[in-house]
1. Considering only region 19-49, state which residues are of a type in the set (A, V, I, L, M, F, W, C), modelled with pLDDT of 90 or more and not in a loop (DSSP other than H, G, I, E, B).
2. In contact (Cβ under 8 Å) with a residue 12 or more places away in the chain, open to solvent by 10 Å² or more (accessible area, probe 1.4 Å) and assigned to a helix (DSSP H, G or I): is that true of Ile65 in this structure?
3. Can you pull out the residues in region 312-323 that are touching a residue at least 60 places away in the same chain (Cβ under 8 Å) and assigned to a helix (DSSP H, G or I)?
4. Looking at region 91-125 only, could you name the residues that are of a type in the set (S, T, N, Q) and part of a helix (DSSP H, G or I)?
5. Could you list, in sequence order, the residues of region 328-348 that are farther than 12 Å from Tyr48 by Cβ, part of a helix (DSSP H, G or I) and without any contact (Cβ under 8 Å) to a residue 60 or more places away in the chain?
6. Among the listed residues Ser378, Ser372, identify the single one that is modelled with pLDDT of 85 or more and among the hydroxyl-bearing types (Ser, Thr, Tyr).
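The values are calculated or read from the model by the stated rules, or taken from the named source; none is laboratory data. As the structure is a prediction and not an experimental result, all values here were calculated from the model. Counting neighbours? That spans all protein chains shown, and the Cβs are built from the backbone with ideal geometry, glycine included. The area values use the complete protein model at the heavy-atom level, side chains included, leaving out ligands, DNA and RNA. Shrake-Rupley method; radii C 1.70, N 1.55, O 1.52, S 1.80 Å.
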Amino acid sequence: MRKFPNALVIMIGFIIFASILTYVIPQGTYERKIDPESGITKVVPDSYQVIDAAPVSFFDTFIAIPEGIIERADLIALILLIGGCFYVIDRTGALKEGIEYLTSVLNGKEELALILVALVFLTGGALNGLQEEIIAMTPVLLYLSARLGYDKFVALAISYGAAILGASFSPINPFAVVIAQNETELPFLSGALFRLVVLLIAFAVFMFMVIRYANKNRVEKSVADNASSVKIRKSSVLILDLVALSFIILIYGMLQLNWGFNEMTAEFFILGIVVGLIGKLGINGTSEAYLDGFKELVFAAMIVGLASSISIILKKGMVIDSIVYGLFLPMQYLPKSLSALSMMASQALLHIPVPSYSGQAILTMPILAPLSDLIGLSRQVCVLAYQYAAVMMDLLTPTNGSLMAVIAIAGISFNKWFKFALKLTLVIMGVGALAIIAAIYMGI
C-alpha cells in the first residue's frame, strides 16, 4: 500500500488545483466599499458581475508560495517563538514533572482529566478563537495524553478539536460571531443565551464521542503511575505558575488590549528567557533550547504559509466571488428550513477555498443577509448557519494551515486524521443543524 501524501505534498497539490480553477471557473467580482466608521471593506449585495480577467499563470502560481509565507509572517513568528518557549520550559523538566504529578493525582480518573483539559481549550476557542497557539503546545499535549494512556488522536481532540468547537458555537468569538453579526447589522450578544445552550449540548455530545473512542483505543501508559514516587521541585512549581500567569495575561491582552500575534509572540519570548534562567539553563542553554524548538516547528510554520498561498491564487484569479455567487444564489428558491441547511452546507464547502473564517464572514454575510430577508429567514439564523459550518470545517479542511501543522507535529497523516475527525464533525454539525431548525421555529 502506498504511503498517503504528507502535509507538504497536500499543500502543493491544493496550490496547483487552485491555479487550475482560475482557468475553469468564470472570473467575477462583487463591488466593495470601505465603511467610513469601521474602516472595514464590505461587499455590496447584488453587485456581482462577470469580468474579463486572466487566469493565474504557472510561474505566478509558484510566486504565490513566498507571498503566502510573507503574508503569514506574524503567525509564523508566533509558532516559532512560542514553540521555542515551550521547548525551553520542557528542557527545564518543569513540564514533565507537572504532567507526571497531575496524572498521578488523576490516576483512575482519566476521563475527568480529558473533560478538564477539553474545557480549558473550549473556553479559549469560545473567548478568542484559540487555534494557531495550539501548534506550539502539541508536543506537551501528546505527552499528557500518553501519560493518561490515550493515543495521539485523543490528544488533538481534547485540545484542537475542543477549541474549534468552542470557536464555532461561541456567543462571543470576536473572529466569527461578532464579525458576522456586525456584517448583518445584528446587535452584539444578540442570541447569546441560545448559542450558549447549544454550545453546552454540543460539548456534551463531543466529549461523549471522544471518551468512547478513547476508552476503546487505550494504549499503555508511558510511565507507571505511582503517586508516592512523583515529586515536583520548587523551581518547577514557580515555572509552571509563571506559565499559568502568562496565559492569564495573554487572555487579558487579547480581550482588553487588542493584542495581536506580535504582542503574544513577544510575551512568550520573554517568558522563555525568564524560565530558562530560573531553570538554570543559562543563556547558552536557553538559546540552544530555542534553536531546537525552531528546528522542530519550521515545517509546521511553513505549512501555514503554504495554506495562505491557496487563497492568494484564488483572489488573483478573480474566482472567489464567483464561487460564492454560485453556491448561494440557488437558495432563494428553496423552503425556509431547507434554505438554512443549504446555507450551512454551502458555508462548509466555501471554507475549503477560504480557510479564514473571519474573512469568510466578511465575504459572505453582506450577500447572505439580504438573501435571508428575501427567503424569510432571520439574519440570526443566517449567522448561525455560518458559525456552525464554516468554523467547524477547521477540523477537516486541508487548506487550514493550523490543522495541517498540528497533525504534522503529531505524526498523523491527513487521511487518518480525516477518518477520525469526519464522524465527530458531522455529528456536531448535525447538532448545529437541529439548533438552526429550532431557531427558525422559535423565531430567533
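1. Ile20, Leu21, Val24
2. In short, yes.
3. Ile312, Ile313, Leu314, Lys316, Asp321, Ser322, Ile323
4. Across region 91-125, the qualifying residues are Thr92, Thr103, Ser104, Thr123.
5. Scanning region 328-348 gives Pro330, Met331, Gln332, Tyr333, Leu338, Ser339, Ser342, Met343, Ala345, Ser346, Gln347.
6. Ser378
Table: residues versus (1) free of Cβ contacts under 8 Å to residues at least 60 places away in the same chain; (2) in a helix (DSSP H, G or I); (3) surrounded by fewer than 19 Cβ atoms within 10 Å (Cβ to Cβ); (4) under 21 Å from the mean Cα position of the chain (by Cα).
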{"site": "Gly84", "(1), (2), (3), (4)": "no, yes, no, yes"}
{"site": "Ile89", "(1), (2), (3), (4)": "no, yes, no, no"}
{"site": "Leu127", "(1), (2), (3), (4)": "no, yes, yes, yes"}
{"site": "Leu141", "(1), (2), (3), (4)": "yes, yes, no, yes"}
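Residues checked against (1) of a type in the set (S, T, N, Q); (2) assigned to a helix (DSSP H, G or I):
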residue: Ala385; (1), (2): no, yes
residue: Val391; (1), (2): no, yes
residue: Thr399; (1), (2): yes, no
residue: Leu403; (1), (2): no, yes
residue: Ile412; (1), (2): no, no
residue: Lys419; (1), (2): no, yes
residue: Ala435; (1), (2): no, yes
